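Everything on this sheet refers to the single structure shown next.
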Amino acid sequence: MLKKIEAEIGGQTMTFETGKLAKQTSGSVVVSCGDTMVLVTAVAEKKSKNMGFLPLTIEYQERMYAAGRIPGSYFRREIGRPSEKEVLTCRLIDRPLRPLFPKGYMSETQVIITVFSADQEIDPDVLAMNGASTALAISDIPWNGPIAAARVAFIDGEYVLNPTRSQLEKSAMNLVVAGTASAVVMVEGRTGELSEEEVLEAIFFAHEGIQPLIEMQNSLREEIGKPKREVVAPEINEELKAKVEELAASGMEELVRIADKMERGDRYDLLKEELIEQLDEEMYESEGEVFDLLSAYKKSMMRSRIVNEGKRLDGRSFDQVRPIACEVGVLPRAHGSALFTRGETQAMVVGTLGSERDEQHLEGLGGDVYRRFMLHYNFPPFCVGEVRFMRGPSRRDIGHGTLARRGIEGVLPTPEEFPYTMRVVSEVLESNGSSSMATVCGTSLALMDAGVPIKAPVSGVAMGLIKEGDKIVVLTDILGDEDHLGDMDFKVVGTSKGISALQMDIKIDGVDREVMGAALSQAKDGRLHILGKMEEALGTARDDVAEHAPKYVTIKIHPDKIRDIIGPGGKIIREMTAEYESKIDVEDDGTIKIFSKDNDSAAALLAHIEEITAMPEVGKVYNGLVRTIKDFGAFVQILPGTDGMVHISELANKRVNKVTDILKEGDYVKVKVIEVDNRGRIRLSRKAALEEGEE
């Protein structure tokens, strides 16, 4: 059945059309806004697979034809590995959808989004999020949606819903918010050091703005939606459950009071072994069934202890941050380095400075982007005591690195203030909760250690939530187990002035304004506490870049002299680059940027360039090389690439019959510049140089 429906959001019309394309799917929809158009399909296997988790995959794919471009890769087609933008959009869509699938649903499910047309002003990601919700809502796939999403900007003190790319360039905020009809379920983006109150207002401004999209989806589902498949909730063996809890009670009481993560994990493994030994094999079908019940019991005990006894796993108060240790300059050859440790989470963060040539080039539907600040996050298996294949950065690694980068970008100096390209790598060495926030703190310290004049230090903290009935507890600086057993993971990054980036995911139906406001307020206290600890190690950027960092020098020459620097076929600039081990960038206006390995190399190269590009000064004496002899005089090179003429009458204080009586080609002679005419011709005089006592 062909159906087309529209909804207005932020002054723009968003159109949803279904029943025309991809009709063999469980659900499909084409979402359009402006000239941007995406196809979203949802397909699920008929049979359920008891995999112990929901096998949901989200695939967002940009086609370069959507923007009228041919891919720049060697094969001239979209490569198999998704781009950073595609990975981040997949995560953006997955996070609000996943918690809304019913318990017990385990059919393999795939949502694929294909960008068919890309308006340079309308980003496809928000359209893809709304399309994914709509495709699931009208399909037969069990799902407790819909959700809707919108982007918010903050321009001239006003919130703007669904801004264009041009508007975002003027905005301190670029925030994506997803929610149901009653609550917010996901938040992500940069916020430009706005206050907690301003950020909270933006979130619920967006939540109010998405209501027409939710109403539209409900209407579409009621009119053309397919009947949902039945999901049989997994039956719990109550007898086995009671026995597991009885046998594990004393061990679990001990376990939930162990503060150390590794020790707690070892005790849990031992508890599983003890339980299997004590249980009658006839009571259970598999060990997995027993372990699932034990895991649920552990979660229940931990949550109850937090909510009812007011005690966290490691004994901290709800708003207490774990012990922090900060070191800078820990790697001798790195341009900047910092070791940030918070509790059992540790990150070695390393900064490297380079020239403009080291900028990252990103090709996308919105055009080419050149990134002068890169932040790469690595999470090796040893950091959590595990063994697994290492296959490059995962989607999680890319997402965590991007969150940290967004939080730092707002405090970086401009290219005019600091012309270096900056790359930061975070190596997570230990992890027990929020290694991405440790990355933020370590990045701030590493950049300052490298001599990058950031506007203010930045820290980050991860907040958690436990909700049991009417009881709600907000936790500061959550542990890994608190993240696993809790209902929210809310990461807040910022300076002492305000929030620069945030990311929120939840596992319950949503959070309201009161809960989110409390979390932001508590996060501010934690963020400021961490900033204080960081300041004890390094409060401001070092006065100069690190010893082993490249040295930057700039010089302005006359544009006519550029050819002298480049040389025929680039010969001169290549020779200088090799001789002085430097990078030389020459701009059309005569600006030359030099990146050298040390100050001595930079000074020597600068002197060489000044010699090549020097302009002759009237009245100055030069030691010139006789290049050509003529009957009327001689042509003398006084500077590289610069010749002047000494007339025969200016050779000596006496009459000269032949030029060769005084000079021969290849001689060096002192000459004085007596005139440079308006055509750039230079008149030289040996006689004037002799009168000044030059020989």
For this session: Filter the cross-link list K272/K524; K170/K533; K46/K507 down to pairs whose alpha-carbon distance in this structure exceeds 30 Å.
Result: K272/K524; K170/K533
Exercise. For the charge dipole of region 112-218, defined by +1 on Lys and Arg C-beta atoms and -1 on Asp and Glu C-beta atoms about the Cα centroid, which residue among L127, V176, M186 has the Cα displaced farthest towards the positive pole?
Worked result: L127
Exercise. In percent, what relative contact order does region 324-537 have, based on Cα pairs under 8 Å that are 6 or more apart in sequence?
Worked result: 22 percent
Problem set entry | L663 long-range amide H proximity, modeled H, under 5 Å | none
Exercise. Expressed in nm², what is the orientationally averaged projection area of the convex hull enclosing the Cα positions of the chain?
Worked result: 39.3 nm²
For this session: Name the residues whose placed amide hydrogens come within less than 5 Å of the amide hydrogen of A118, ignoring near sequence neighbours (fewer than 5 apart) on the same chain.
Result: M37, A67
Problem set entry | Distance (nanometres) between label positions extended 7 Å along Cα→Cβ at T628 and T660 | 1.7 nm
Seminar exercise, completed: For the chain, the longest principal axis of the Cα atoms and the Cα long axis of helix 211-224 enclose an angle in degrees, to the nearest 10, of 60 degrees
Exercise. So, by mean Cβ neighbours within 10 angstrom, what's the order for 398-408, 647-657, 24-34 with the highest one leading?
Worked result: 398-408, 24-34, 647-657
Exercise. Rounded to the nearest 500, what is the chain's calculated 222 nm mean residue ellipticity when only DSSP H runs of at least 4 contribute -39500 (n - 2.57) each, over all residues?
Worked result: -10000 deg cm²/dmol
Exercise. Which whole-Hz ³J(HN,Hα) couplings does region 378-386 yield from phi under the Karplus relation 6.51 cos²θ - 1.76 cosθ + 1.60, θ = phi - 60°, glycine and proline marked x?
Worked result: 10, 10, x, x, 5, 5, 10, x, 10
Exercise. Please state the relative contact order of the chain as a whole percent: Cα pairs under 8 Å, 6+ residues apart?
Worked result: 10 percent
Problem set entry | Dipole magnitude (debye, nearest 20) for the chain, charges at Cβ of Lys, Arg, Asp, Glu | 2340 debye
For this session: For the chain, find the longest principal axis of its Cα atoms and tell me its angle to the long axis of helix 261-278, 0 to 90°, nearest 10.
Result: 30 degrees
Exercise. Hey, got a sec? Which GluC sites (Glu not before Pro) in region 293-402 land in a DSSP loop and have at most 13 other Cβ atoms within 10 Å?
Worked result: E386
Exercise. Between the helical axis of 395-409 and the dominant principal axis of the chain, each derived from Cα atoms, what acute angle in degrees is found, rounded to the nearest 10?
Worked result: 60 degrees
Exercise. When the Cα centres of region 270-304 and region 215-264 are compared, how far apart do they sit, in Å?
Worked result: 14 Å
For this session: At a Cα cut-off below 13 Å, give the aspartates and glutamates reachable from K228, other chains included and same-chain residues fewer than 8 away excluded.
Result: D140
Problem set entry | Rounded Å value of the spacing that divides the Cα centres of region 478-513 and region 310-377 | 19 Å
Problem set entry | Reachable lysines, given that their alpha-carbon falls under 18 Å from the alpha-carbon of K561 and they are not under 8 places away in the same chain | K571, K593
Problem set entry | Residues whose placed amide H lies under 5 Å from that of R63, excluding near-sequence neighbours | V115
For this session: Please state, as a whole number in µm²/s, the translational diffusion coefficient that the Stokes-Einstein equation yields for region 3-224 at 10 °C and 1.306 mPa s, with Rh defined as the Kirkwood radius across alpha carbon pairs.
Result: 89 µm²/s
Exercise. So what is log10(I(q)/I(0)) for region 324-537 at q = 0.08, 0.19 1/Å, when the Debye sum runs over its Cα atoms only?
Worked result: -0.28, -1.40
Problem set entry | Descending semi-axes in whole angstrom, ellipsoid equivalent of region 159-236, from the Cα gyration tensor | 33, 17, 11
For this session: Report the charge-dipole magnitude of region 621-691 in Debye, nearest 20, computed about the Cα centre from +1 at each Lys and Arg Cβ and -1 at each Asp and Glu Cβ.
Result: 120 debye
Exercise. Ordered by residue, what ³J(HN,Hα) values in Hz, to whole numbers, does region 503-519 give under the Karplus form 6.51 cos²θ - 1.76 cosθ + 1.60, where θ = phi - 60° and Gly and Pro are x?
Worked result: 8, 10, 10, 10, 10, 10, 5, x, 10, 8, 5, 5, 5, 5, x, 5, 5
For this session: Could you tell me the distance between the Cα centroids of region 68-141 and region 145-174, to the nearest Å?
Result: 20 Å
Exercise. With a sphere of radius 13 Å drawn around the Cβ of E273, what net charge do the other residues whose Cβ falls strictly inside it have (Lys, Arg +1; Asp, Glu -1)?
Worked result: -3
Problem set entry | 26 Å Cα-Cα reach of K687 towards lysines, excluding residues that sit fewer than 8 places from it in its own chain | K620, K630, K654, K658, K664, K670, K672
Exercise. So, with +1 on the Cβ of K and R and -1 on the Cβ of D and E, and no other charges, what is the size of the charge dipole of region 164-240 about its Cα centre, to the nearest 20 debye?
Worked result: 540 debye
Exercise. Viscosity 1.306 mPa s, temperature 10 °C: Stokes-Einstein D of region 621-691 from its Kirkwood Cα radius, in µm² per second?
Worked result: 135 µm²/s
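Using the Kirkwood radius over C-alpha pairs as Rh, can you work out the diffusion coefficient of region 534-677 via Stokes-Einstein at 4 °C, viscosity 1.567 mPa s, in µm² per second?
71 µm²/s
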Problem set entry | Overall dimensions of region 1-120 by Cα: Rg and Dmax, Å | 16.2, 45
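Coordinate-derived values only; no laboratory data. Everything numeric in this text was worked out from a predicted model, so none of it was measured. For neighbour counting, all protein chains shown are included, and Cβ atoms are generated from backbone atoms with ideal geometry for every residue, glycine included.
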